[in-house]
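Asks: So that we are looking at the same thing, I have put the structure below in structure tokens.
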Amino acid sequence: MNKKQVIISIAIILLVIIIDQIIKIEVKTNMALGEHITITNWFQIAFVENNGMAFGMSFGSKILLTLFRIITVSLLLWFIMRLTRRGFQTGFIICLSMITAGALGNIFDCILYGEIFTQSTHVDVARLVPWGEGYGDILEGRVVDMFYFPLIEWNMPGWDWLNDVPFLPNAHEHCVFFSPVFNFADASISCGVVALIIFYRQTFSKCMSGKNNKEEETEHQTISEGTEDAEENS
């Protein structure tokens with residue numbers, strides 16, 4: 001096991017979770033549901049809650065989704081520890097740690113927030129309460145989102161035919177890009193996934209095939225030695 005990689009992985013996971021939870025608790029205990037704080041024309045703090053996955057997406061039963069998250073994160077943690085024994089790059093481990101940390105951050109909301117916070121409404125700001133006096137049961141807490149980047153906004157023209165075209169906004173509809181509201185944990189997941197795709201596609205494929213860096217180096221060395229022997233014999 002590469003102890004340095006293990007320490008880096010643990011540090012990233014803890015750092016992301018701590019930052020994520022500090023932001024969420026500050027928003028939840030100081031803002032009413034739906035409240036917006038404008039930072040710039042293209043960046044707002046907008047307090048929303050959701051029962052679903054990253055960026056407010058929904059997925060079936062709340063309890064089943066939370067259990068699915070817990071199982072997935074457990075597998076990711078096991079996978080990361082396994083990779084530290086197989087000689088994979090530290091950057092690859094960091095990407096997986098960011099994804100794991102983001103998933104854990106949202107899991108904490110689902111497990112804890114229903115038990116320790118009062119209900120957030122458009123009028124009342126939530127309060128921290130003793131365990132079991134919150135708005136919901138364990139595994140049924142709602143995920144807190146707050147980062148909103150309305151980068152581009154426009155109004156659709158008043159053409160009536162737009163109302164009949166699938167997947168296009170209706171006539172006169174106000175449109176926003178980028179409209180999802182997300183949290184720090186979601187950002188950690190997204191950055192980890194993007195970095196994996198850009199920098200570690202081959203590493204991921206090699207990882208899925210069951211090969212590690214040491215095995216690949218040995219294989220290349222064997223092929224090279226075989227080539228040199230063949231050239232000498234010729």
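The values are calculated or read from the model by the stated rules, or taken from the named source; none is laboratory data. What you see is a predicted model; the values in this text were computed from it and never measured. Here the Cβ is made from the backbone with ideal geometry for all residues, glycine too, and neighbour counts use every protein chain on show.
Asks: Kindly indicate which of Ile13, Ile17, Ile22 is closer than 27 Å to Leu139 by Cβ, without any contact (Cβ under 8 Å) to a residue 60 or more places away in the chain, within 19 Å of the chain's Cα centre (by Cα) and part of a helix (DSSP H, G or I).
Replies: Ile22
So that you can scan it fast, the table gives a plain yes or no per residue for (1) out of contact with any helix residue (DSSP H, G or I) (no Cβ under 8 Å at 6 or more places or on another chain); (2) in a helix (DSSP H, G or I); (3) over 25 Å from Gln89 (Cα atoms); (4) at pLDDT 95 or above:
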position: Ser120; (1), (2), (3), (4): no, no, yes, yes
position: Gly136; (1), (2), (3), (4): no, no, yes, no
position: Ala185; (1), (2), (3), (4): no, yes, no, yes
position: Leu196; (1), (2), (3), (4): no, yes, no, no
position: Phe204; (1), (2), (3), (4): no, yes, no, no
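Asks: Now for a separate question. Inside segment 138-157, can you point out the residues that are at pLDDT below 90, exposed (fewer than 13 other Cβ atoms within 10 Å of the Cβ) and not hydrophobic (A, V, I, L, M, F, W, C)?
Replies: Across segment 138-157, the qualifying residue is only Glu153.
Asks: Inspect all residues belonging to segment 82-98 and state whether any of them is assigned to a helix (DSSP H, G or I), without any contact (Cβ under 8 Å) to a residue 24 or more places away in the chain and within 27 Å of Met1 (Cβ to Cβ).
Replies: Yes - at least one qualifying residue is present in segment 82-98.
Asks: Still on this structure: How many residues are buried (at least 19 other Cβ atoms within 10 Å of the Cβ) and not in a helix (DSSP H, G or I) if we restrict to segment 99-118?
Replies: The number of residues fulfilling the criteria is 1.
Asks: What are the pairs with Cβ atoms under 6 angstrom where one residue, in segment 55-70, is under 18 Å from Gly102 (Cβ atoms) and the other, located anywhere, is at pLDDT below 85 and assigned to a helix (DSSP H, G or I)? Sequence gap at least six, or different chains.
Replies: Pairs that qualify, where the first residue is under 18 Å from Gly102 (Cβ atoms) and the partner is at pLDDT below 85 and assigned to a helix (DSSP H, G or I), are Phe59/Leu65.
Asks: So, one more: Take the residues in segment 32-46 that are of a type in the set (A, V, I, L, M) and under 23 Å from the mean Cα position of the chain (by Cα); name whichever of them is farthest from Val125 (Cα to Cα).
Replies: Across segment 32-46, the extreme among qualifying residues is Ile45.
Asks: Here is a list of conditions, (1) among the acidic types (Asp, Glu); (2) surrounded by 17 or more Cβ atoms within 10 Å (Cβ to Cβ); (3) not in a strand (DSSP E or B), and Asp124 meets all of them except one; can you say which number that is?
Replies: (2)
Asks: Of everything in segment 108-134 that's more than 25 Å from the chain's Cα centre (by Cα) and free of Cβ contacts under 8 Å to residues at least 24 places away in the same chain, which residue is nearest to Phe177 (Cα to Cα)?
Replies: It comes out as Thr118.
Asks: Further, regarding this structure: Filter segment 164-182 down to the residues that are outside any loop (DSSP other than H, G, I, E, B) and not acidic (Asp, Glu) and list them by number.
Replies: Hits for segment 164-182 are His174, Cys175, Val176, Phe177, Val181, Phe182.
Asks: Under 6 Å between Cβ atoms, at least 6 apart or on separate chains: pull out the pairs that start in segment 185-209 with a residue that is under 21 Å from Gln21 (Cα atoms) and end on any residue that is charged (D, E, K, R).
Replies: Correct list of pairs: Ala185/Asp20.
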